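Derivation of every value follows stated rules applied to the coordinates shown; laboratory data play no part. Here the structure is a predicted model, which means the values were calculated and not measured. Here Cβ is always computed from backbone atoms with ideal geometry, including for glycine, and neighbour counts include all displayed protein chains.
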Amino acid sequence: MLRRNIRMRREYLYRKSLEGKERLLYEKKRKIREALQEGKPIPTELRNEEAALRREIDLEDENTAVPRTHIDDEYAHTAEKDPKILLTTSRDPSAPLQQFVKELSYVFPNAQRMNRGGQVISEIIESCRAHDYTDVVLVHEHRGVPDGLIVCHLPYGPTAYFGLLNVVTRHEIKDKKAIGTMPEAYPHLIFDNFSTKLGERTANILKYLFPVPKPDTKRIVTFSNQSDYVSFRHHIYEKHGGPKSIELKEIGPRFELRLYQIKLGTVDQAEAQIEWVIRPYMNTSKKRKFLGD
Amino acid sequence: MADSKDAGEEALRRLIATFQPSFLAPNPALSETSRAASRHLFSALRPFCPKSPLDQLLIDGFDAEQIWQQIDLQSQPLLSSLRRQVKHFAKNPEEISKLKVVPLGKKVEKEQREDWVEESDGFDEELEDDEEGEGKGGEEGMDIEDEDEEQGRESDNEEESEGEDEEEKGEDGEAGDGGIEDKFLKIDELAKYLEKEEENFEKAEEDTRGKKGADDEENTEDDDDDDEEEEEEEEESDEVSVLLGMLSLDLAAKMQQGTWKMQGMDLFYGVFLTLEHCGWDEQFILLLRYEDFFGDKGKYSKKMKAQLHQESEGSDEEDDDMKFKKQNKGTASTHQKQLEKIHSKIEEMEKANLEPKTWTMQGEVTAAKRPKNSALEVDLDFEHNVRPAPVITEEVTASIEDMIKKRITEGNFNDVQKAPKLPSKVPREVKELDDNKSKKGLAEIYEQEYVEKEDPTSAPLSFRDEQKQQASVLFKKLGLKLDALAHFSFAPKPVIEDMSVQINVPALAMEEIAPVAVSDAAMLAPEEVFEGKGDIKEETELTKEERKRRRANKKRRFKAAAVKRMGKKVQEGALPNQMNG
């Protein structure tokens with residue numbers, strides 16, 4: 001098992017390194033395809049390889065035409081398998097943090113909450129990989145207020161680090177009757193204003209925490225991006241009068257997420273490659289928006 | 001006119017008489033009095049301001065700010081004209097003597113007055129910041145200041161002492177519309193005094209050449225324009241204020257001698273109070289002259305200088321400047337004046353560089369290294385390069401919910417999509433019937449089938465589709481590589497049981513050259529031909545017993561066979577047995 005894991009990790013890294021070459025090949029094929037379609041002469045640099053490449057083009061189907069990146073590899077099996085999430089906290093959590101994690105375990109379908117105890121992170125990751133979990137979510141706090149969220153995708157997947165702000169938990173709403181119980185249907189997802197590449201990547205990381213929903217569910221989970229602060233909202237809707245009358249009822253916790261790092265490895269890999277990290281001390285960082293628009 | 005004047009003076013007097021601390025609390029009566037007093041002074045000064053738009057200070061219904069602004073309106077042009085005058089006198093000191101000669105010239109008087117007024121202006125500006133600037137709108141405070149100041153200066157311009165503080169922010173009442181000379185001020189005395197002062201100064205210069213020079217200029221009366229100016233130039237562009245600063249220092253020194261630890265304004269105030277306390281009449285106090293305080297001019301200047309020495313910082317440049325100015329008193333051109341200014345600035349900056357910097361300029365400063373609560377006074381402004389966290393207001397929530405509703409009505413969600421399933425069955429190949437005559441003969445077809453049956457791998461590629469052919473070629477290559485992975489150790493071919501007739505033909509027959517329709521494979525194997533059992537031995541290999549046994553077996557068999565023959569013969573009939581015997 002150990003050796004298998006090591007071998008698979010090496011394969012993953014190797015395929016990541018091949019991406020450059022594959023992209024080159026893809027570009028060449030694309031150029032030839034265009035030239036053929038438009039009836040233009042093939043660009044001169046491709047003349048030698050043109051015959052071989054053209055045969056390959058003919059043999060391609062839609063799966064093989066687009067080069068696969070390591071990102072696709074990370075999330076290759078998501079469509080076939082439902083995600084399985086493990087939720088846990090930092091060490092020695094306070095009572096409000098435990099309540100918050102309990103709420104989160106209801107938000108993500110097929111999520112399991114675990115007490116942290118004295119476990120080391122690498123142990124947790126190993127056991128999750130062995131038990132076929134797809135994601136691990138860690139929640140950190142500051143004096144009772146949750147302030148950090150780490151989403152780690154499991155087979156050596158990417159890890160996203162978020163900061164939490166403006167957290168309002170269900171426990172703070174004292175009136176239990178008003179808020180009712182939390183439905184457990186698989187929710188629809190809304191991602192608003194994730195227009196850059198980094199935004200797409202973040203949206204994917206958050207999206208694959210959820211399984212494929214039924215088309216007629218009434219539960220909506222929203223991630224709305226406004227100048228790099230992502231608002232999380234959780235609603236149930238009802239259509240009363242037929243056309244265009246939709247009533248939203250907010251359930252579930254509400255918080256703002258602020259992405260500050262994405263690493264191409266799991267949480268326990270301290271030396272993993274950093275895909276993106278926030279740079280707040282740059283003079284232009286006030287003007288730039290990274291997640292979209 | 002006289003009536004109002006009197007009223008004004010009365011107001012002034014009352015102001016002076018009030019107990020100082022009562023100014024700290026808002027008092028409408030006091031405010032009224034001070035307003036009246038300022039109006040009086042304003043109108044007294046009005047004749048000297050050619051361009052003043054206001055004839056009278058408007059106080060009804062105006063608040064402190066507005067009154068100040070009116071005063072400013074009058075005083076600013078006045079100040080500049082006074083300065084011009086003073087500068088002019090600085091350049092041409094001989095004109096001052098000329099002034100003295102002309103008696104009762106209103107203009108002269110005015111000039112002199114204006115000098116003092118100017119000085120007091122500067123003094124006011126200087127002191128304002130220090131003391132009673134705060135509290136009730138400086139008016140009353142200013143009045144007091146000026147009062148005290150006057151005493152301090154003992155100017156002989158108190159011809160009508162009584163609160164004629166000609167120095168009230170410049171709008172000071174020129175109460176003196178009488179002759180410039182009165183029982184206090186005599187022009188001759190003025191001239192003598194000036195000369196005396198100059199001598200003293202030069203003496204002092206020699207005395208204190210070694211030490212950092214003090215300026216007995218400070219001691220001199222404001223009458224000495226030149227000196228004042230020189231001092232002024234040292235310190236600030238506002239020449240007059242410097243002198244007055246010096247004067248206050250003077251008084252400070254004096255008071256310190258007498259263990260009065262106050263400074264500046266406080267001293268005057270203190271002096272005033274004590275004197276009053278001692279029973280002096282107001283008017284008397286105001287009539288005090290400089291000389292009463294600083295008795296013998298000559299002696300005193302030196303003492304004062306020595307004291308000021310200790311107090312004043314950086315009187316170096318002052319000294320140098322003084323000397324320099326003294327030398328070029330007659331030829332101080334604009335350029336030289338500029339040079340002097342620059343020099344003084346340079347010296348200031350050099351001095352500042354030598355001292356340790358203020359804590360705000362010192363890089364990383366912990367709380368221990370700066371004075372207590374000093375961070376509260378500094379205007380700390382940091383540029384935050386991070387957009388602050390959004391405050392979640394009603395509008396924000398409403399906008400998010402609107403967006404959600406819109407998405408719901410459209411049905412536009414970003415859900416995870418199920419992957420398209422790979423086809424589970426190979427798509428059936430549609431065979432096309434080819435109704436051309438087959439090119440191969442029947443025999444060839446049979447041959448091919450036979451060969452395929454025997455050895456599947458050697459079958460020629462008979463694919464209709466070019467692509468299939470290419471695919472199969474590729475697959476063969478792949479298959480070879482995979483076999484190489486398994487080191488070419490295949491699993492054995494499965495045996496197919498097949499029933500066929502085996503002919504027992506002698507081997508010799510097989511070796512005939514003539515074509516036969518039967519192959520070797522169809523022959524019976526020797527073990528199938530063999531009849532017998534056990535171990536076969538030749539006759540030569542037999543042992544004796546075995547020979548005997550075989551013979552015995554043979555005999556027995558022969559006999560058994562013979563009996564059977566006999567039986568048969570008997571059965572057949574009579575046999576000619578007579579023949580035998």
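Computed quantities for the displayed model
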| read-out | value |
| --- | --- |
| DSSP bridge orientation in the range A:83-275 - percent antiparallel, rounded to nearest 5 | 75 percent |
| Gained length - B:Ala368 relative to B:Glu395, 0.36 nm times residue gap less alpha-carbon distance | 5.1 nm |
| Rg/Rg_globular for the range B:28-94, with Rg_globular taken as 2.2 N^0.38 Å and Rg from C-alpha atoms | 1.36 |
| Cα centroid separation, the range A:108-146 to the range B:16-48 (Å) | 79 Å |
| Value of [θ]222 nm, deg cm²/dmol, for chain A, DSSP H segments ≥ 4, -39500 (n - 2.57) each, nearest 500 | -10000 deg cm²/dmol |
| Qualifying trypsin sites (Lys or Arg not before Pro) in the range A:89-179, DSSP loop, other Cβ atoms within 10 Å at most 14 | A:Arg91, A:Arg143, A:Lys174 |
| Separation in nanometres of the label points that stand 7 Å from Cα toward Cβ, at A:Lys218 and A:Ser195 | 3.5 nm |
| Gain in span if fully extended, B:Lys439 to B:Lys468, counting 0.36 nm per residue against the direct Cα distance | 8.3 nm |
| Mean Cβ neighbour count within 10 Å, used as a protection proxy, ranking A:82-88, B:495-501 highest first | A:82-88, B:495-501 |
| Candidates per trypsin sites (Lys or Arg not before Pro) in the range B:536-569, loop by DSSP, up to 14 other Cβ within 10 Å | B:Lys537 |
| Peptide-level mean, for B:387-396, of C-beta atoms on other protein chains within 10 Å | 4 |
| Dimensionless Rg/Rh of the range A:83-275 - Kirkwood Rh, Rg from C-alpha atoms | 0.96 |
| Neighbour-limited loop hits for GluC sites (Glu not before Pro), the range A:55-162 (at most 14 other Cβ within 10 Å; DSSP other than H, G, I, E, B) | A:Glu60, A:Glu80 |
| Model label zone, A:Ser285; criterion: amide N under 13 Å from point 7 Å along Cα-to-beta-carbon; scope the range B:353-382 | none |
| Residues whose placed amide H lies under 5 Å from that of A:Gly292, excluding near-sequence neighbours | A:Ser195, A:Thr196, A:Asp228 |
| Calculated FRET value between A:Ala79 and B:Arg549, using beta carbons and R₀ = 51 Å, to 0.05 | 0.05 |
| GNM flexibility winner over chain A from A:Val267, A:Val167, A:Val151 (Cα, springs under 10 Å) | A:Val167 |
| Cβ neighbours within 10 Å from other chains - mean over A:63-75 | 0 |
| Test item: B:358-369 mean partner chain Cβ contacts at 10 Å | 0 |
| Under 23 Å, Cα to Cα: Lys pairs in the range A:83-275, sequence gap 8 or more or different chains | 29 |
| A:Leu46-A:Glu19 FRET efficiency (beta carbon distance; Förster radius 25 Å; 0.05 resolution) | 0.75 |
| Distance (nanometres) between label positions extended 7 Å along Cα→Cβ at A:Glu123 and B:Ser97 | 10.7 nm |
| Nearest-ten-degree value, helix A:197-207 long axis tilted from longest Cα axis of chain A | 50 degrees |
